[in-house]
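> After the structure tokens below, expect a handful of questions from me.
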Amino acid sequence: MRRSETGSHAAVRPALVATLARAAAGDALSRDEAVALLDDPACTEPLLDVAGARRDAHWGATVTYSPKVFLPVTNLCRDRCTYCTFRKDPGDPDAWTMLPEDIAGWSTRGRALGCKEALLCLGDKPEIAFREYRTTLASLGHATTAEYVERASAIALECGLLPHTNAGLLTGDEMARLRDLNVSLGLMLENVSPRLRERGQVHQWAPDKDPALRLRMLREAGELRIPFTTGLLIGIGETLAERVDTLVAIRDLHRAHGHIQEVIVQNFRAKPTIPLADAPEPDAVDLARTVAVARLLLDPEVSVQAPPNLSPDDHALLLRAGLNDWGGISPLTPDYVNPEAPWPHVAALADTCRAAGYRLTERLAIYPRYIEEPGWLAPALRPHVTALAAEARSAAPAALEASPA
């Protein structure tokens with residue numbers, strides 16, 4: 001990273017120097033301090049330094065990833081976000097709903113390649129919008145997508161993987177049922193600003209992106225003691241203050257319930273087939289600065305992650321910014337949400353981490369503290385977790401050296 005790209009210590013305003021000094025001493029940032037840091041490019045280098053030191057103090061020299069199989073259970077979705085290429089309508093030649101035999105086949109192949117996580121990802125409540133999909137569900141013996149995801153989770157578990165489901169909005173009852181089959185659940189908060197649902201904004205036609213509904217699900221997951229993944233999506237028309245407000249909301253929910261195991265800072269990527277095809281993408285420094293502010297805002301035990309396939313040239317910079325986890329990487333399945341962005345080769349990613357002074361290691365879809373502390377892991381899942389945790393401890397980064405699909 002060139003000094004001219006990020007500013008210098010001498011250019012930092014005295015108030016921000018004081019803020020960073022307090023952050024370096026372990027003090028929590030206020031909302032306004034976080035906005036000020038994010039708003040001033042001149043403080044980039046000291047911001048990254050302080051955030052990196054905060055990460056090192058808690059996570060040490062270890063950076064993690066999860067070897068996974070991406071199971072896109074269905075890409076039908078009732079929402080129409082203007083940045084999404086994943087969702088499809090029935091009748092589209094690229095529309096699909098995975099059958100049980102597909103789920104079993106992919107899970108078995110992934111397990112043979114060393115995968116330990118089954119990421120079940122799908123569109124929001126397609127049965128509400130599409131009669132054809134309701135017919136498909138009925139033919140499979142289910143009335144709702146959440147019911148079918150239970151079945152899919154059980155199949156993946158039987159194949160030796162630990163399910164982690166991101167199914168969009170779920171009710172408390174649906175999450176409670178999935179808790180017995182999933183070691184963790186996820187929902188990208190994306191942004192807490194209701195403004196992004198207004199006319200002409202990215203979520204105008206996405207009722208399930210109502211921030212109040214998504215915050216309610218995050219809160220209910222905490223009440224159910226479900227280890228949870230959420231995150232922030234940057235570059236979708238939000239202000240810097242709205243980014244910070246989203247991170248503060250996540251922090252406050254975690255402080256109330258202790259359930260947020262990781263927060264993803266994901267950068268928007270323009271694609272030729274979306275309405276936002278010509279929209280500007282966040283640059284590398286913008287992403288790194290947001291990762292750093294996330295690291296300083298969130299409590300130290302909350303993992304901060306950025307998808308490595310969306311910033312393939314910036315891994316060293318993201319490590320500087322305080323990132324401690326790369327998320328899921330698959331040797332079998334592409335990133336169906338961003339299919340144009342291949343997963344990095346794990347051995348190459350390990351080399352990048354090593355050059356920066358870090359050791360890349362595997363982790364499970366549930367973090368150790370939720371395994372060790374009673375009440376977070378369903379008893380029926382503990383034998384599966386225990387066996388895979390022992391395997392992960394003995395795995396080398398080269399375990400996934402097969403080229404990603």
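> In region 24-36, which residue that is assigned to a helix (DSSP H, G or I) and in contact (Cβ under 8 Å) with a residue 12 or more places away in the chain is least open to solvent (accessible area, probe 1.4 Å)?
Ranking the qualifying residues of region 24-36, first place goes to ALA34.
> Same structure again: SER153 - would you say it is among the small types (Gly, Ala, Ser), on the phi < 0 side of the Ramachandran plot and surrounded by fewer than 19 Cβ atoms within 10 Å (Cβ to Cβ)? First the steps, then the outcome.
Details: among the small types (Gly, Ala, Ser): yes; on the phi < 0 side of the Ramachandran plot: yes; surrounded by fewer than 19 Cβ atoms within 10 Å (Cβ to Cβ): no.
So SER153 fails the test.
Here's the yes/no breakdown for (1) surrounded by fewer than 20 Cβ atoms within 10 Å (Cβ to Cβ); (2) within 22 Å of PRO339 (Cβ to Cβ); (3) free of Cβ contacts under 8 Å to residues at least 40 places away in the same chain; (4) touching a Ser or Thr at 6+ places or on another chain (Cβ under 6 Å):
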{"site": "LEU119", "(1), (2), (3), (4)": "no, yes, no, no"}
{"site": "ALA129", "(1), (2), (3), (4)": "yes, no, no, no"}
{"site": "ARG134", "(1), (2), (3), (4)": "yes, no, yes, no"}
{"site": "GLY141", "(1), (2), (3), (4)": "yes, no, yes, no"}
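> Could you figure out which of (1) open to solvent by 50 Å² or more (accessible area, probe 1.4 Å); (2) under 22 Å from ALA378 (Cβ atoms); (3) in contact with a strand residue (DSSP E or B) (Cβ under 7 Å, 6 or more places away or on another chain) isn't true of CYS115?
Only one criterion in (1) open to solvent by 50 Å² or more (accessible area, probe 1.4 Å); (2) under 22 Å from ALA378 (Cβ atoms); (3) in contact with a strand residue (DSSP E or B) (Cβ under 7 Å, 6 or more places away or on another chain) is unmet by CYS115, namely (1).
> Are any of the residues in region 332-343 crowded, with 17+ Cβ neighbours inside 10 Å and of a type in the set (D, E, K, R)?
yes
> OK, next. Suppose the filter is within 23 Å of LEU317 (Cβ to Cβ) and in a loop (DSSP other than H, G, I, E, B); does PRO272 pass it? Before the answer, list the steps.
Numbers: within 23 Å of LEU317 (Cβ to Cβ): no; in a loop (DSSP other than H, G, I, E, B): yes.
No: the conditions fail for PRO272.
> Under the condition of being part of a helix (DSSP H, G or I) and polar (S, T, N, Q), which residue from region 288-328 is nearest to the chain's Cα centre (by Cα)? Let's see the steps before the verdict.
Just the residues of region 288-328 that are part of a helix (DSSP H, G or I), to begin with: 288-297, 308-310, 315-320.
Okay, now just the ones that are also polar (S, T, N, Q), so 290, 309.
Numbers: THR290: 15, ASN309: 13 Å.
Filtering region 288-328 for residues that are part of a helix (DSSP H, G or I) and polar (S, T, N, Q), the one nearest to the chain's Cα centre (by Cα) comes out as ASN309.
> Looking only at region 243-258, which residues are crowded, with 20+ Cβ neighbours inside 10 Å and free of Cβ contacts under 8 Å to residues at least 60 places away in the same chain?
THR246, ARG251, LEU253, HIS254, listed by residue number.
> State all residues of region 37-75 that are assigned to a strand (DSSP E or B) and either open to solvent by 10 Å² or more (accessible area, probe 1.4 Å) or without any contact (Cβ under 8 Å) to a residue 24 or more places away in the chain (or both); if no residue qualifies, say none. Full working, then the answer.
Taking region 37-75 first, the residues assigned to a strand (DSSP E or B) are 62-74.
Hits for region 37-75 are THR62, THR64, LYS68.
> Further, regarding this structure: Would you mind stating whether LEU240 is open to solvent by 10 Å² or more (accessible area, probe 1.4 Å), out of contact with any strand residue (DSSP E or B) (no Cβ under 8 Å at 6 or more places or on another chain) and within 22 Å of PRO46 (Cβ to Cβ)? Break it down into steps so the answer makes sense when it comes.
On the way: open to solvent by 10 Å² or more (accessible area, probe 1.4 Å): yes; out of contact with any strand residue (DSSP E or B) (no Cβ under 8 Å at 6 or more places or on another chain): yes; within 22 Å of PRO46 (Cβ to Cβ): yes.
Yes, satisfied.
> Confirm whether ALA104 is in contact with a helix residue (DSSP H, G or I) (Cβ under 8 Å, 6 or more places away or on another chain), open to solvent by 10 Å² or more (accessible area, probe 1.4 Å) and part of a loop (DSSP other than H, G, I, E, B).
Details: in contact with a helix residue (DSSP H, G or I) (Cβ under 8 Å, 6 or more places away or on another chain): yes; open to solvent by 10 Å² or more (accessible area, probe 1.4 Å): yes; part of a loop (DSSP other than H, G, I, E, B): no.
Criteria not met by ALA104.
> Kindly evaluate GLN266 against the criterion of being in contact with a helix residue (DSSP H, G or I) (Cβ under 8 Å, 6 or more places away or on another chain) and open to solvent by less than 50 Å² (accessible area, probe 1.4 Å). Don't jump to the end; show me each part of the working.
Working: in contact with a helix residue (DSSP H, G or I) (Cβ under 8 Å, 6 or more places away or on another chain): yes; open to solvent by less than 50 Å² (accessible area, probe 1.4 Å): yes.
Considered against the rule, which asks whether it is in contact with a helix residue (DSSP H, G or I) (Cβ under 8 Å, 6 or more places away or on another chain) and open to solvent by less than 50 Å² (accessible area, probe 1.4 Å), GLN266 comes out as yes.
> Could you list, ordered by first residue, the pairs with Cβ atoms under 6 Å in which the first is in region 194-218 and more than 16 Å from ALA279 (Cβ to Cβ) and the second is open to solvent by 50 Å² or more (accessible area, probe 1.4 Å) and part of a loop (DSSP other than H, G, I, E, B), at least 6 apart or interchain?
Matching pairs, first to second residue: TRP205/ARG80.
> Given GLY222, GLY231, which one is open to solvent by less than 10 Å² (accessible area, probe 1.4 Å), closer than 24 Å to LEU364 by Cβ, of a type in the set (Gly, Ala, Ser) and not in a helix (DSSP H, G or I)? Don't jump to the end; show me each part of the working.
Values: GLY222 fails: not in a helix (DSSP H, G or I).
One residue alone meets the criteria, GLY231.
> Within the set of pairs 6+ apart or on separate chains, which have a first residue in region 357-377 that is closer than 22 Å to GLY322 by Cβ and open to solvent by 10 Å² or more (accessible area, probe 1.4 Å), a second that is assigned to a loop (DSSP other than H, G, I, E, B) and modelled with pLDDT under 95, and C-beta atoms under 6 Å apart?
Pairs found: GLU362/ALA395.
> Within region 79-90, can one find any residue that is free of Cβ contacts under 8 Å to residues at least 40 places away in the same chain and surrounded by fewer than 17 Cβ atoms within 10 Å (Cβ to Cβ)? I'd like the intermediate steps shown before the answer.
First pass over region 79-90, keeping only residues free of Cβ contacts under 8 Å to residues at least 40 places away in the same chain: 87-88.
Narrowing further to those that are surrounded by fewer than 17 Cβ atoms within 10 Å (Cβ to Cβ): none.
Taking every residue of region 79-90 in turn, none turns out to be free of Cβ contacts under 8 Å to residues at least 40 places away in the same chain and surrounded by fewer than 17 Cβ atoms within 10 Å (Cβ to Cβ).
The values are calculated or read from the model by the stated rules, or taken from the named source; none is laboratory data. What you are looking at is a predicted structure, and each value in this text was computed from that prediction instead of being measured. Cβ coordinates were reconstructed from backbone atoms using ideal geometry, including for glycine residues, and neighbour counts include every protein chain displayed. The area values use the complete protein model at the heavy-atom level, side chains included, leaving out ligands, DNA and RNA. Shrake-Rupley method; radii C 1.70, N 1.55, O 1.52, S 1.80 Å.
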